[in-house]
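Below you'll find the structure, written out as structure tokens, and then a few comments.
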Amino acid sequence: RSPDAVAVAYAEQQLTYRQLNHRANQLSHYLRQLGVQSETLVGIYLEQSIDAVVGLLGVLKAGGVYLPLDPTYPQERLDSVLEDSETPVIVTQQSLYEKLPPSDAKLVCIDLELENISQQNTENPRTDIDSNNLAYVIYTSGSTGRPKGVAVTHQGISRLVLNTNYIQITSDEHIAQVSNISFDAATFEIWGALLNGAKLCGISKDILLSPQKFISELLQKRISVLFLTTALFNQIAREVPEAFNSLRYLLFGGEAVDPKWVNAVLRAGPPQNLLHVYGPTENTTFSSWYLVKSVSENAKTIPIGKPIANTQAYVLDRQRNPVPIGVPGELYLGGDGLAREYLKR
């Protein structure tokens, strides 16, 4: 629809939608020659960059399933994830090559093999996948045992960022990517931008950890949509509560929130829409949302609100019967965002 609009921008590099599509198509054809087809798992072991976005899109265009691998992972976690997933192909770069554990996986060094990849066809490949096929696998932290691979479908991603009730993303948005691709919030950032014709703007970790630099970056890049973990939201709100007043949407979640920092942002000049979001990776990033307009002085917490579109939420007792209002129970989530499975479980 808008081939000449900028799709992704990282540091001094940027690609239009046409350029991104061509590069992703070339990678997808190259991956197919290596045997990648419908639902083949492909590791993406790249630092935050344009190459990483090309890699994700190239895998999906080949019909594959991307497995994001964080280069800052402890070696033990990287070994565990690759052993459990038995990933047959890994897309990486020369500088990270030696950190990968020995395996039978075919390695595609995107910089070393650039000449071969760039000779591939730029036309869209044909695939037989549909909305029920897998798009990605993200591993849990393993805080309750061995990490498990959460296997998410294309439908889950569509339900998160298209025709939904908590946010209306337009092609005019500049969406910040602050999340590592191994963190499921990147699903919202990357595909929220690319499936709506918006601009994805990478923000590096060193800028993110300096509130003053971060605010400057938000203004310079004209960021309109931003997601932050609650911990980072608290930190910035404590130091510079007016940091977010140029945003159209600020979403935060992931941990229990301290209402006093939300109040600080509301008093200092809030974004147009301040959303408290909640959801486990198993239900594709966000499951519920709450539009924060005011917070009472004696509030102990901020609600997680109501389900996002095409999502169901129930509070049930031990017999799985709905509990009355005010009675504790366990939260059950369902709908189009529900992951298909834990990989191989």
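The values are calculated or read from the model by the stated rules, or taken from the named source; none is laboratory data. This is a predicted model, so every value here is computed, not measured. Positions of Cβ are generated from backbone atoms using ideal geometry, with glycine treated the same way; all protein chains shown enter the neighbour counts. To get the accessible areas, we keep the full protein, side chains included, count just its heavy atoms, and leave off ligands, DNA and RNA. Shrake-Rupley method; radii C 1.70, N 1.55, O 1.52, S 1.80 Å.
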Checklist entry - Roughly what % of Cα-Cα distances in the chain sit above 38 Å, to the whole percent? => result 16
Item to check | Protein accessible area in the chain, 1.4 Å probe - carbon and sulfur % | outcome: 48
Next on the checklist: Using a 7 Å offset from Cα along Cα-Cβ at Glu242, what residues in the stretch 261-301 end up with backbone N under 17 Å from the label point?
Outcome noted: 263-272
Checklist entry - To the nearest Å, what is the center-to-center distance of the stretch 259-277 and the stretch 114-184, using C-alpha atoms only? => result 29
Next on the checklist: I'd like the accessible area for Leu316: 1.4 Å probe, protein heavy atoms, all chains in place, Å² to the nearest 10.
Outcome noted: 20
Checklist entry - DSSP beta bridges in the stretch 69-161, what fraction antiparallel, as a percent rounded to 5? => result 55
Checklist entry - What is the packing order of peptides 285-291, 74-80, taking the mean over residues of other C-beta atoms within 10 Å and listing the highest first? => result 285-291, 74-80
Item to check | Among beta bridges that DSSP assigns inside the stretch 1-92, antiparallel share in %, nearest 5 | outcome: 35
Checklist entry - Rounded to a whole number, what is D in µm²/s for the stretch 299-341 from Stokes-Einstein with the Kirkwood radius over alpha-carbon pairs (25 °C, 0.890 mPa s)? => result 205
Next on the checklist: Sequence gap of 8 or more, or different chains, plus Cα separation below 28 Å: how many lysine pairs satisfy both in the chain?
Outcome noted: 27
Item to check | Contact order relative to length of the stretch 144-225, as percent, for alpha carbon pairs under 8 angstrom and 6 or more apart | outcome: 31
Item to check | Computed [θ] at 222 nm, deg cm²/dmol, the chain (DSSP H ≥ 4; -39,500 (n - 2.57); rounded to nearest 500) | outcome: -8000 deg cm²/dmol
Checklist entry - At 4 °C and 1.567 mPa s, what whole-number value in µm²/s does Stokes-Einstein give for the translational diffusion of the stretch 138-198, with Rh from the Kirkwood sum over Cα pairs? => result 101
Next on the checklist: Quick check: convex hull over the Cα atoms of the stretch 1-97, volume per residue in Å³, rounded to an integer?
Outcome noted: 97
Checklist outcome for this item: Computed over the chain, protein heavy atoms only, probe 1.4 angstrom, the accessible area per residue in square angstrom equals 48
